[in-house]
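Worksheet for the structure shown next.
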Amino acid sequence: MAQLSCKKLCLGYDGHEIVHNLNFSVEKGDYFCIVGENGSGKTTLMKTILGLQPAFKGKVETGDNLKKNGIGYLPQQTQVQRDFPASVWEIVLSGCQNNGKFHPFYNKKDKALAEECIKKMDIEDLKKRCYRELSGGQQQRVLLARALCAASDILLLDEPVTGLDPKATEELYCLIDEINKKYNITIIMISHDIQAAVKYADKILHIGENNFFGTKEEYLNSDISKRFAREVN
């Protein structure tokens, strides 16, 4: 059974349906990119997968022993979040609260996991720094480390490179690719960067007037891909 699948999914908000009859599946270890026009429902889909809002119709199913606390989420950052007055260590450690059990203090296992995720993101030298003093690329590394504390199976990323300069963007994409390949963590990423999507992803979901789900190669050869490329260029 697929790690995650959506069947005949219809999504929207305020009674207005924006995504119709969506069908796709994600296997363990996939690098899965969601692309499409602005307002097509990409973030709405991600929130539905996370259980933050209900679908109008259809269902989201999980398999491969996937549990809710096996999913980490990196949403788009707001200015308020960028100015958050906490240390890098405090922010990364807070990701351990996704383990499904409330406890007022972090234990040795939580702290060891946070240390491990900080090391994976190569931000050990930032551990004591205040988050709001960091560059945009550094902040995203911190948030990725936090999401890794929360995720043992899947990372959901909503346009993680928004606002970053080209160098920081490429570095973050390489880190995400390493998380996927080295640690076998499934990546589900919303991206407005179609070039990055086809460079890194192995499966692509396009949401729009016509939906598409398939391999990167199938997407590149599709009429939907060619039309979308003309529109964004």
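The values are calculated or read from the model by the stated rules, or taken from the named source; none is laboratory data. Remember, predicted model here, so these are calculated numbers, not experimental data. Because the Cβ atoms are built from the backbone with ideal geometry, glycine has one as well, and the counts that use them run over all protein chains shown.
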How many residues does the stretch 76-106 hold that are at pLDDT 90 or above and of a type outside the set (Gly, Ala, Ser)? 6
Residue in the stretch 208-228 that is over 19 Å from Asp30 (Cβ atoms) and within 16 Å of the chain's Cα centre (by Cα) present: no
Are any residues in the stretch 130-154 touching a strand residue (DSSP E or B) at 6+ places or on another chain (Cβ under 7 Å) and not in a helix (DSSP H, G or I), and if so, which ones? Cys130, Ala151, Asp153, Ile154
The condition of being of a type in the set (Gly, Ala, Ser) and surrounded by fewer than 16 Cβ atoms within 10 Å (Cβ to Cβ) holds, among Ser225, Ser135, only for Ser135
Going by the conditions given, is Ser5 more than 17 Å from Gly214 (Cβ to Cβ), small (Gly, Ala, Ser) and either in contact (Cβ under 8 Å) with a residue 24 or more places away in the chain or surrounded by 19 or more Cβ atoms within 10 Å (Cβ to Cβ) (or both)? no
The number of residues in the stretch 109-145 that are at positive phi and touching a helix residue (DSSP H, G or I) at 6+ places or on another chain (Cβ under 7 Å) is 0
Any strands (runs of 3 or more DSSP E) falling wholly within the stretch 1-88 and containing at least 3 residues that are out of contact with any Cys (no Cβ under 7 Å at 6 or more places or on another chain) and closer than 28 Å to Glu178 by Cα: 4-13, 31-36, 71-74
